[in-house]
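Asks: Take this structure first; my questions come after.
The values are calculated or read from the model by the stated rules, or taken from the named source; none is laboratory data. It should be emphasised that the depicted structure is a prediction, and the values quoted were computed from it without experimental measurement. Cβ: placed from backbone, ideal geometry, glycine included. Neighbour counts: every protein chain shown. Only protein heavy atoms, including side chains, enter the accessible area calculation; ligands, DNA and RNA are left aside. Shrake-Rupley method; radii C 1.70, N 1.55, O 1.52, S 1.80 Å.
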Amino acid sequence: MLGNFTYCNPTKLYFGQDSLIGLKAELPKYGDNVVLIYGGGSIKKSGLYDEVMEILQACGKNVAEISGVMPNPTLEKLYEGVEIARAHKADFLLAVGGGSVCDYTKAVAVSVHCKEDPWEKYFQRFEEPECETLPLGCVLTLAGTGSEMNAGAVITNTKTKQKIGHVFADEKIMPRFAILNPLYTLSLPHYQMVAGIFDIFSHICEQYFSGTDDNTSDYIAEALMRSLLVSSRIANADPQDYEARSNIMWTATWALNTLIAKGKTTDWMVHMLGQSVGAYTNATHGMTLSAVSLAYYRHILAFGLAKFKRFALNVWDVNPEDKSDEEIALEGLKAMEGWMRELGLAMTISELGATEEMIEGIAEGTLVLKGGYKVLEREEIIKILKESL
Ligand code: NZQ
Ligand code: ZN
């Protein structure tokens, strides 16, 4: 393991069909004024809203609500939520929903007592909060982002067409607890389920494709990918398979809770490209990633050939006999493409609503990060986006 690092993940997880019991155990630890935060109504339809409300009431909480948090939550919505939390003198924030709700809740948590504009401070200057922040918990309904056990929050500014994520350094921004009940994910539409699956896979790839040293994190990453391939195929054929859906949920959490980034520089360019596509199209996060991944990986393959070969051999079981390293690596990407098509993922950005005319703007909005095998030039970004059209 190269470099120096610290590892601390304070999120307490309650996993399984009975995990909502954890909410009863956790809520008494926090103040009485709770803001319940949720999305567009899936939790009302499933009955989860009623169950959570019953527990909040049984714990004697004084509850205000922020509802209608949209996928890819916007800055306008953040301002609205901050006002609600301030008016309620919130002591605790409870997110019930997918990654968007959980991310949004973190953004509210760092903004309620902040005197500055949260967009400028957290999503432009990437500063840490200096003010008091609110503790939060999460009841997760969609497996994908890993937001339930990390300090990341992604907010979209529709005016400037920027979708920006900030991973806060302070562990206080991570959920204090997360309830992971795979049963809650069974009501997801197939489109959201597979988008979440690809998001998980992409998170692992973003951390795997960097470095040339022998690193334990890479072996863990390969194991997570192999598990995901097995469970995603089962869930794709039968979305109601609890065992597969529970494995997917657990994999999602470990794919992005900081563990497999330890000792690594990490890449994240698929996410930077995908987020900018998302800012222009408001498309589902996982689909923006699938639509740009293959063009990006084919582009950088020569710069990280040894790792791409390892990916082909250890994740996709490519037979290396009589093949050059490049042929093996390319065959790995071919196998990945086959799996992606099997799941029915978006393979182009045009099917998500992106057009040739948007390419310049999407490239402009793509942050260039330096941890991967190749630091992209602007022309390379344009080329990758055009190939993804
Ligand atoms: O709003 P509701 O009605 O709840 O419907 C949601 C939404 O329409 C629906 N849904 C969620 N759970 C459901 C359900 N429908 C039926 N049954 C259920 N059990 O699914 C739709 C999508 O939900 P959303 O929360 O937007 O999806 P996801 O979990 O993929 O979150 C995406 C957001 O997370 C950010 C993305 O950029 C995007 O904004 N990310 C956060 C990360 C982090 N914190 O570390 C990392 C990721 O890379 C990602 O960038
Ligand atoms: Zn993601």
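Asks: What whole-number volume per residue, in cubic angstrom, does the convex hull of the C-alpha atoms of region 1-96 give?
Replies: Working: hull volume 15.8 nm³, N = 96.
Measuring per residue, one finds 165 Å³ for the Cα hull of region 1-96.
Asks: So, one more: Need the list of lysines near LYS323 for cross-linking: C-alpha distance under 20 angstrom, and skip anything on the same chain fewer than eight residues off.
Replies: LYS307, LYS309, LYS334
Asks: Where both partners of a DSSP beta bridge lie in region 12-185, what percent of those bridges are antiparallel, to the nearest 5?
Replies: So the antiparallel bridges in region 12-185 amount to around 20 percent.
Asks: Heavy atoms only, 1.4 Å probe, whole protein assembly: order PHE5, PHE92 by accessible area, highest first.
Replies: Largest accessible area first, the residues go PHE5, PHE92.
Asks: Among DSSP bridges having both ends in the chain, what percentage is antiparallel? Round to the nearest 5.
Replies: On the way: 6 of 30 bridges.
So the antiparallel bridges amount to about 20 percent of the total.
Asks: Among 57-65, 138-146, how do they line up by average Cβ neighbours within 10 Å per residue, starting with the highest?
Replies: By packing density, highest mean first, the sequence is 138-146, 57-65.
Asks: Taking 0.36 nm per residue of separation and subtracting the Cα-Cα distance, what length does fully extending CYS8 through SER324 add?
Replies: Between CYS8 and SER324, full extension yields an extra 109.6 nm.
Asks: May I ask you to evaluate 6.51 cos²θ - 1.76 cosθ + 1.60, the Karplus curve with θ = phi - 60°, for each residue of region 350-367 and list the ³J(HN,Hα) values in order in whole Hz, giving x for glycine and proline?
Replies: 5, 5, 9, x, 6, 10, 3, 5, 7, 4, 4, x, 5, 5, 4, x, 8, 6
Asks: Please give the per residue accessible area of the chain, computed with a probe of 1.4 Å over protein heavy atoms only, in Å².
Replies: Heavy-atom SASA per residue in the chain reads 40 Å².
Asks: Let me ask something additional. Carbon and sulfur together cover what percent of the accessible area of region 12-185 at a 1.4 Å probe radius?
Replies: For region 12-185, the apolar C and S fraction of the accessible surface comes to 52 percent.
Asks: Follow-up question, since we're still on this one. Quick check on the chain: helices-only [θ] at 222 nm, where DSSP H runs of length 4 and up contribute -39,500 (n - 2.57) each and the sum goes over total residues. Nearest 500, please.
Replies: Counting only the DSSP helices, I get -14500 deg cm²/dmol.
Asks: Over the chain, what is the mean sequence separation of C-alpha contacts under 8 Å (at least six apart), divided by residue count, expressed as relative contact order in percent?
Replies: Working: 722 pairs, mean separation 62.1, N = 389.
16 percent.
Asks: While we're looking at this one, here's another question. Could I get the Rg over Rh figure for the chain? Both from C-alpha atoms, Rh via Kirkwood, rounded to two places.
Replies: Result for the chain is an Rg/Rh of 0.96.
Asks: Output the 0 to 90 degree angle, nearest 10, between the alpha-carbon long axis of helix 305-314 and the longest principal axis computed from the alpha carbons of the chain.
Replies: 70
Asks: May I ask you to order 377-383, 75-81 by the average number of other C-beta atoms within 10 Å around their residues, highest value first?
Replies: On the way: 377-383: 14.7, 75-81: 18.4.
Final packing ranking: 75-81, 377-383.
Asks: I need the phi-derived Karplus couplings for region 322-336: 6.51 cos²θ - 1.76 cosθ + 1.60, θ = phi - 60°, integer Hz, Gly and Pro marked x.
Replies: Here the 3J(HN,Hα) series is 6, 10, 6, 4, 5, 4, 4, 4, 5, 5, x, 5, 5, 5, 5 Hz.
Asks: Taking every Cα atom in region 141-184, find the radius of gyration and the maximum pairwise distance Dmax, and write them in Å.
Replies: Rg and Dmax of region 141-184, Cα atoms, are 12.9, 38 Å.
Asks: Here is a further query. Picking from VAL82, VAL230, VAL112, which is most flexible by a Gaussian network model of the chain using Cα springs under 10 Å?
Replies: Checking each option, the largest mean-square fluctuation is seen for VAL230.
Asks: May I ask you to order 124-137, 153-166 by the average number of other C-beta atoms within 10 Å around their residues, highest value first?
Replies: 153-166, 124-137
Asks: Given H placed 1.01 Å from N in the peptide plane, which residues other than close sequence neighbours of VAL139 have an amide H under 5 Å from its amide H?
Replies: For VAL139, whose amide H was placed from the backbone, the distant partners under 5 Å are ALA95, VAL96, GLY97, ILE179.
Asks: I'd like to know how region 190-387 sits against the 2.2 N^0.38 Å rule of thumb: what's its Cα Rg over that expected value? Walk me through the intermediate numbers first.
Replies: On the way: Rg = 16.1 Å, N = 198, 2.2 N^0.38 = 16.4 Å.
Expressed relative to 2.2 N^0.38 Å, the Cα Rg reads 0.98.
Asks: Next question, about the same structure. Is the shape of region 259-323 rounded, prolate or oblate, going by the alpha carbon gyration tensor and its root eigenvalues a ≥ b ≥ c, with a/c under 1.5 for rounded and a/b larger than b/c for prolate?
Replies: prolate
Asks: Take the eigenvalues of the Cα gyration tensor for region 12-185, scale each by 5, and report the square roots as semi-axes in whole Å, largest first.
Replies: 24, 17, 15
Asks: Same structure again: HN-Hα J couplings of region 266-281 from phi, Karplus 6.51/-1.76/1.60, θ = phi - 60°, integer Hz, Gly and Pro as x?
Replies: Each residue's phi maps through the Karplus curve to give 6, 9, 6, 6, 4, 5, 5, 5, x, 5, 5, 4, x, 5, 8, 10 Hz.
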